[in-house]
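Visitor: Here it is, the structure, as structure tokens.
The values are calculated or read from the model by the stated rules, or taken from the named source; none is laboratory data. Since this is a predicted model, take the numbers as computed values, not measurements. Neighbour counts run over all protein chains shown; Cβ positions are idealised from the backbone, glycine included. Just so you know, the surface numbers come from the protein's heavy atoms only, side chains and all, with ligands and any DNA or RNA stripped out. Shrake-Rupley method; radii C 1.70, N 1.55, O 1.52, S 1.80 Å.
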Amino acid sequence: MKDRVNEAPLLPTPRPTAGRWLRAAVLVGGVPVAVLLLLLAGGWLAPGPGLLALAATLLGAGALARLWVRDLLRLAAALRRAAEAQEGAVTGSRPPRRLRPSRSRSRRRCCRPRATWPRAS
């Protein structure tokens, strides 16, 4: 028995441009890189481990940004295709019925006189 996932046609993967993923990388890794640079400049972090941490942060932010931008491009393409497919949907159909009761009906329910117990005399 085949998996349904394997039967679905694969969509072309859009390639993110360098400018897009660099901006996303700055957004993702900007603060950690700034903190590492501040720690290195202040002498609170040894240069060897600090530069390794800086390189790892830059590589990680770049990889994450590239995946993030690629996934956003895929989502945008899927939404665009869905909107184009929906344009050919049935037109002129009646709008859906209101799900809540009319105001006058709900007002009547709300303002009904309450039943009272007979008072003991």
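Visitor: Tell me which of these Asn6 doesn't satisfy, since it passes every other one: (1) at pLDDT 90 or above; (2) over 22 Å from the mean Cα position of the chain (by Cα); (3) open to solvent by 100 Å² or more (accessible area, probe 1.4 Å).
Guide: Result: Asn6 fails condition (1) only.
Visitor: Could you list, in sequence order, the residues of the range 9-40 that are modelled with pLDDT under 70 and either surrounded by 11 or more Cβ atoms within 10 Å (Cβ to Cβ) or under 23 Å from the mean Cα position of the chain (by Cα) (or both)? Write out each step before concluding.
Guide: Residues of the range 9-40 modelled with pLDDT under 70: 9-14.
Listed by number, the residues that qualify are Leu10, Leu11, Pro12, Thr13, Pro14.
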